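Quick note: the coordinates plus some simple rules give every number you see, no bench work behind them. As the structure is a computational prediction, the values presented were derived from the model and not from experiment. For neighbour counting, all protein chains shown are included, and Cβ atoms are generated from backbone atoms with ideal geometry for every residue, glycine included.
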Amino acid sequence: MAATVSVLVATPEREVYRGEAEMLIAPGIAGELGILPKHAPLLSALTAGELRITRGEEVDEVFVSGGFMEVQPDMITILADSAERATDFDEAQAQEAERHARELLEKREGDIDLAMAEAELAIMASRLEWIKKKKKH
Amino acid sequence: MATAKEIRGQIKAVQNTAKITKAMELVAASKMRKAQDNVTAGRSYAEGIQRVIANLMQAHPEYSHPFITRREQVKKIGIIVIATDKGLCGGLNANAFKKALGLVQDAKVEVEAYTIGRRAGTFMRKIVNGLEAATEEVPDAAEMSDILGVVGVAIEHFMADKVDEVYLLYSEFVNTMTQSPNLVQLLPCAQGMEAQHPGYWDYLYEPESKPVLDGLLRRYVESIVFQGLLENKACEHSARMVAMKSATDNAKGIVQDLKITYNKARQAGITQEIAEICSGAAASA
């Protein structure tokens, strides 16, 4: 197994991510930063953007709105001002939309509405599938 | 002696009060659990930033940011006081204010205050001359942005040499029954922290050391205050829960006493009626 570095992503309100990573790509204020294990100590301001945490095939995506990142050879601490895990966020949203579409279907108010609801449901279902697939890999 | 009807009214009133306090107790209990969760959830960030600052002190000891430089002469001090918006939470605020009063009286220099929570504002207004910033109605699901204004004013005054030390006063959550007021020095800060990476080394800074350090130290101060606020919220709800529980118990005790009085009055009435009937019968016989 490849070397890993432990990663902590936290906002003042809560902990967003804690785990091991083979590589981390962060939106540094002066451009994207790719960090591998045993990186030299680094302290960087972050800008709004996507944080990609890679471990093997698995990629976790976290959206941070800015903050700071401390890198030590064995530990990366990301102190984000606010952060949203892409997977949590999208799946919840997609599920909500799917539920809404199903509700519309059940009501069956006119053919046009029904067709629209069916189309919406199909889109939402495929989106949910895609997110789940992305999560698996 | 009060008539039976009056006492019945009193019993009803006390029972209604007990119902209300019971409901408030249950609400406080559920809010307390949430507030405690928030404290735990916020701890990751607070500990993370503390670790980073400790490493920073180790790595960069010659850098003297005003936040970490002790000032020779202290001419004025500032205090951030965190208290609740609402009352009915036992002696929680009173205990904290006692500590604040102690600080103000013992300080040989002038004190200015910044407050979070309505009770803190109304109290500090009375005991210090300068109430420089105040915020009220902080929601239970507090966010960092709720306190940035107050902390910003305190930092600004510190940087402008208006105050030379800043303290933070909040109630620390020990357990459900115990909350203790906690006074910590906020600025200058980061004294005597233990670093995890000893030896001589320094960070690579992106983009440069100064803006990164400035931003980090500011966030560190904010995070201490924010964590204090979360603790204070947990204290508020647990203190309220305990206060409401004892109020409910007291109300039940009063109802018990009133019921005894009521029964006595009722029996006295019956006795009198019997006596009247008997004497009436005796007179007509």
Only sites in a loop by DSSP and with at most 15 other Cβ atoms within 10 Å count here; which GluC sites (Glu not before Pro) in segment B:131-160 make the cut? B:GLU136, B:GLU137, B:GLU143
Per residue of A:42-50, what is the mean number of Cβ atoms on other protein chains within 10 angstrom of that residue's Cβ? 4
Take every DSSP beta bridge whose two residues both sit in the protein assembly as shown, then give the antiparallel share in percent to the nearest 5. 65
In nm, what is the difference between 0.36 nm times the number of residues separating B:LYS12 and B:ARG43 and their Cα-Cα distance? 6.5 nm
Extended-chain gain in nm, criterion 0.36 nm per residue less alpha-carbon gap, B:GLU143 and B:ALA268: 38.8 nm
Farthest positive-ward along the protein assembly as shown dipole, Cα basis, beta-carbon charges - from B:TYR114, B:ALA282, A:ALA26: B:ALA282
Where a ≥ b ≥ c are the square roots of the eigenvalues of the C-alpha gyration tensor, would you call segment A:5-86 rounded, which needs a/c under 1.5, or, failing that, prolate if a/b is larger than b/c, or oblate? rounded
Amide H contacts under 5 Å for B:ALA113, placed H, 5+ residues apart: B:ILE79, B:GLY130, B:LEU131, B:GLU132
With θ set to phi - 60° and the Karplus curve 6.51 cos²θ - 1.76 cosθ + 1.60, what are the ³J(HN,Hα) couplings of segment B:31-47 in order, to the nearest whole Hz, using x for Gly and Pro? 5, 5, 4, 4, 5, 5, 4, 4, 4, 5, 5, x, 5, 3, 5, 4, 6
Roughly how crowded by other chains is peptide B:40-52, in terms of the mean Cβ count from those chains within 10 Å of each of its Cβ atoms? 6
Solution diffusion estimate, µm²/s, Stokes-Einstein, segment B:172-270, Kirkwood Rh from C-alpha pairs, 10 °C, viscosity 1.306 mPa s: 83
So what J values fall out for segment B:228-235 if you push phi through Karplus, 6.51 cos²θ - 1.76 cosθ + 1.60 with θ = phi - 60°, rounded to Hz, Gly and Pro as x? x, 5, 4, 4, 4, 5, 4, 4
Taking amide H positions as placed in the peptide plane 1.01 Å from N, state which residues far from A:MET23 in sequence (5 or more) or on other chains have amide H under 5 Å from it. A:THR54
Show me the trypsin sites (Lys or Arg not before Pro) within segment B:29-133 that DSSP assigns to loop and that have at most 13 other Cβ atoms within 10 Å of their Cβ. B:ARG70, B:LYS75, B:LYS86, B:LYS108
Taking amide H positions as placed 1.01 Å from N in the peptide plane, with prolines and chain starts having none, which residues 5 or more places from B:GLU172, or on another chain, fall under 5 Å of its amide H? B:SER180, B:ASN182
Taking only Cα atoms and a 10 Å spring cutoff, compute GNM fluctuations for chain B and point out the largest among B:GLN179, B:GLN50, B:GLN73. B:GLN73
Among the chymotrypsin sites (Phe, Trp or Tyr not before Pro) in segment B:1-89, which ones are in a DSSP loop with at most 14 other Cβ atoms within 10 Å of the Cβ? Mind listing them? B:TYR63
Give me the percent of Cα-Cα pairs in the protein assembly as shown that sit more than 37 Å apart, rounded to a whole number. 46
Quick note, segment B:77-161: a/c under 1.5 would make it rounded; otherwise a/b > b/c is prolate and the rest oblate (a ≥ b ≥ c, C-alpha gyration tensor); here it is oblate
Using Cβ contacts closer than 10 Å as the measure, can you line up B:TYR205, B:TYR167 from fewest to most? B:TYR205, B:TYR167
Per-residue ellipticity at 222 nm for chain B, helices alone: DSSP H runs ≥ 4 residues times -39500 (n - 2.57), over residue total, nearest 500 deg cm²/dmol? -21500 deg cm²/dmol
Using only atoms on other chains, find how many Cβ atoms lie within 10 Å of each Cβ of peptide B:221-227 and report the average. 1
